[in-house]
1. In whole Å, what are the Cα extents of the range 63-102 along the three principal axes, biggest one first?
2. Count the lysine pairs in the chain whose Cα atoms sit under 24 Å apart, keeping only pairs 8 or more residues apart in sequence or on different chains.
3. Quick check: the angle from helix 16-27's long axis to the longest principal axis of the chain, C-alpha only, nearest 10 degrees?
4. If you line up the long axis of helix 119-134 against the longest principal axis of the chain, both from Cα atoms, how many degrees apart are they, to the nearest 10?
5. Would you kindly compute the Cα radius of gyration of the chain and its largest Cα-Cα separation (Dmax), both in Å?
6. Counting pairs of Cα atoms in the range 14-66, how many percent are more than 17 Å apart?
7. Output needed: percent of Cα pairs per 10 Å distance bin for the range 107-172, bins running from 0 to the one holding the longest distance.
8. Students often check this: by mean Cβ neighbours within 10 Å, which of 8-16, 133-141, 151-159 ranks highest, and how do the rest follow?
Amino acid sequence: MGKPVIGILMGSDSDYEVMREAARALQGFDVAFEMLVSSAHRSPQRTLEYAASARERGIRAFIVGAGAAAHLAGVVASKTTLPVIAVPIDSTALKGLDALLATVQMPGGIPVASMAIGKAGAKNAGLFAVQLLAATDADLAARLDASRTVMAKEVAEKSESLQQRLKADGLA
Ligand code: RP5
């Protein structure tokens, strides 16, 4: 798929199952990415070096997933002016609410765009990254439009199936 333009970072390999959804979304639009584990607190130097060197290596935006006291996205954002899209991970007893609040409540000056908790957030992070790239890529924008058309068609089909189920249940 060529040289990575999106960097997917997660705090632990235990975040992978959620963050895989971001990778799938990017792959669906043939957007090349790299994915690695680096922690804000367990490997701070590695995280800072990765964030600082990404632009010169061709990365255009980051997708960052972390759970618990999720400061990884903010730390990445502190070392780059590339867009940082965060995914709060539901990896603790607080089911991601801790990560959501830690991620979304960035003090003014260093922005982080936070998605929803968990897999839907990871999927949307991937799509949002595609949309960022599509702002200056007409072909990618056209493919996003086409995917929305497919999505709308699927909703209409689901509604049609629902009518059949209503009939089968004697409700229509
Ligand atoms: C965070 O702590 C990670 O992002 C992960 O969501 C959570 C738990 O990590 P592990 O203890 O599973 O490595 O830093």
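1. Computed over the Cα atoms, the extents are 33, 13, 12 Å.
2. Close lysine pairs found across the chain: 10.
3. Value to nearest ten degrees: 70.
4. Taking the Cα atoms of the chain, the angle to 119-134 is about 80 degrees.
5. In order Rg, Dmax, the Cα atoms of the chain give 18.3, 64 Å.
6. Counting pairs separated by more than 17 Å, the tail of P(r) holds 41 percent.
7. 17, 26, 28, 18, 8, 2
8. Most protected by this proxy first, the peptides run 8-16, 133-141, 151-159.
A short reminder: the numbers here are calculations on the coordinates, not readings from a lab. Remember, it's a predicted structure, so these values are computed and weren't measured experimentally. Note that we place each Cβ from the backbone using ideal geometry, even for glycine, and neighbour counts take in every protein chain shown.
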